[in-house]
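Take a look at the structure below.
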Amino acid sequence: MKQTESLTNRQIRRLLRNSLRGDTRAFRSIVETYQSYAYALAYRILAQQEDAEDVVQDAFLRVWRHAADYKPGIKFTTWLYSIVSNLCYDRLRMRQRQNEFSTAGEPENLSDTPLQGDAAGGLLHNIHRVLRDLPHQQQMVFILRDLQDLSVKEVASILDISESAVKSNLHYARKQLRGLLKDL
């Protein structure tokens, strides 16, 4: 499912500028427009509703605090996804440190994900089960490119890697996932 921006970069710049001046309605417009995009990404990475909601809230707090740092030449969704994915990665590292990672990572309620229906839900469930067996960078590339349907260029920008690294990681991730899913 290709996600299209509901606000132009010009509108985003204006809303962020107004937010910096204390206009909470302007910032609320940004949150309401993009929170479902942010949640979908966080949920696909973390596979836990509560953690995904916490990350989205933290992400918008960072957007609020760093609104002056937004560079208009970058798509807002790319900037937001970068913030969300970094916060998710931090959350996963925290889980790992607390020895919770081995029991976490299964989707709690597949109806909360953008893919719906029995076949899609079953496939998504299996993908989440095997995704955690991939190296982190391959997980992120797969989630951003194949599940979030971002372009290779956007994924490279979010993860701060080259486009060829995105393509390479995506190739290996898909290959490993195919093999792991066959075993299921």
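Can you list which of the GluC sites (Glu not before Pro) found in region 1-75 are DSSP loop residues with at most 16 other C-beta atoms within 10 Å? In loop regions of region 1-75 (DSSP not H, G, I, E or B), the sparsely surrounded GluC sites (Glu not before Pro) are Glu5.
Report the extension gain between Ser168 and Glu32 in nm, rounded to one decimal, defined as 0.36 nm multiplied by the number of residues separating them, less their alpha carbon distance. Walk me through the numbers on the way to the answer.
On the way: separation 136, 0.36 × 136 = 48.96 nm, distance 3.49 nm.
This chain segment gains 45.5 nm when fully extended.
Here, region 135-184 yields an orientationally averaged convex hull projection of 3.2 nm² when only Cα atoms define the hull.
In this simple spin-label model, placing a label point 7 Å from the Cα along the Cα-to-Cβ direction at both Ile161 and Thr8 gives a separation of 3.5 nm.
FYI, it's all coordinate maths here, none of it is from the lab. Just so you know, these numbers come straight off a predicted model, no measurement behind them. Note: ideal-geometry Cβ built from the backbone for every residue, glycine included; neighbour counts use all protein chains shown.
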